[in-house]
Ligand SMILES: Cc1cc2nc3c(=O)[nH]c(=O)nc-3n(C[C@H](O)[C@H](O)[C@H](O)COP(=O)(O)OP(=O)(O)OC[C@H]3O[C@@H](n4cnc5c(N)ncnc54)[C@H](O)[C@@H]3O)c2cc1C
């Protein structure tokens with residue numbers, strides 16, 4: 001999906017619109033993926049009038065930004081889009097197979113690392129969920145180039161690829177799974193992959209740059225906006241805390257449970 005957002009009154013983007021108290025103008029705070037400070041904490045002086053967002057916040061993943069989702073009008077500065085395109089956004093998908101019984105356990109097997117027939121392809125990790133008491137389920141973790149075999153393929157085809165590898169590893173035909181689930185993070189336009197990495201030609205300065213505001217009022221969070229814990233959920237959370245402090249102008253923020261806000 002492509003979104004562009006200009007103020008209907010001024011025809012300008014929110015971060016290029018000077019903040020002028022008293023303006024009546026549709027806030028851009030309801031853009032998908034955006035949070036507006038003004039919308040979250042409306043000013044008393046607004047008396048019901050809507051004002052342009054003074055500060056906006058994007059936490060779109062790097063993969064979406066690479067695909068111009070959301071579209072920024074005016075465009076982001078070239079040094080910023082350069083960093084977006086220099087960084088890599090890897091793929092990581094899972095194929096979950098449920099069976100009638102944990103046949104691999106009878107053979108004395110549990111978690112597996114499967115090497116595909118193609119020597120150039122990465123190994124797949126197979127997690128035995130039965131070992132965790134979750135029933136006769138195997139989850140095959142598939143990385144980057146190997147995910148090409150799953151892209152756009154029906155679940156049955158993805159399952160066959162995994163059961164073929166299992167049959168080869170076990171030296172016996174693998175039973176047909178009774179249920180299959182396949183993730184599709186790379187096909188999701190709001191994610192377009194799994195997580196950021198720093199390929200040759202890029203450096204940790206790129207994600208750090210992506211964590212700085214544009215024009216002092218367009219803020220960015222997400223795992224790709226910091227280099228300390230690139231690719232990890234805790235890096236994403238830390239970046240959100242960082243931007244919340246910046247937005248509120250405070251040195252600390254209190255974290256609550258989501259249910260507390262209901
Ligand atoms: C298969 C897999 C396994 C992983 N395992 C681990 C692990 O074990 N440990 C770990 O630390 N990390 C793991 N990660 C990485 C971790 O999930 C990410 O680093 C983390 O979720 C990134 O958080 P984020 O907030 O930056 O982005 P996301 O979690 O992707 O959140 C961004 C959100 O914004 C939404 N969005 C995007 N664009 C728009 C829009 N225009 N409008 C509205 N909504 C929008 C997206 O739908 C999404 O919900 C894994 C990732 C994958 C794919």
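Read-outs: derived from the displayed coordinates by stated rules, not from any lab. Source: prediction; values computed, not measured. A quick note on method: Cβ atoms are made from the backbone with ideal geometry, for glycine too, and the neighbour counts reach across all protein chains shown.
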Once the piece of chain linking residue 132 and residue 98 is laid out straight, how much longer is it, given 0.36 nm per residue of separation minus the C-alpha distance between them? 10.8 nm
Report the FRET efficiency, 1/(1 + (r/R0)^6), for residue 205 and residue 71, where r is their Cβ-Cβ distance and R0 is 25 Å, rounded to 0.05. 0.50
Between residue 121 and residue 245, what is the FRET efficiency for a Förster distance of 41 Å, r being their Cβ-Cβ separation, to the nearest 0.05? 0.40
Linear extension gain, residue 255 paired with residue 212, 0.36 nm per residue minus alpha-carbon span: 13.3 nm
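Please pull out the direction-averaged projected area of region 92-187, using the convex hull of its alpha-carbon atoms, in nm² to one decimal place.
5.7 nm²
What ranking, highest mean first, results for peptides 198-210, 247-259, 88-100 when packing means the other Cβ atoms within 10 Å averaged over each residue?
88-100, 198-210, 247-259
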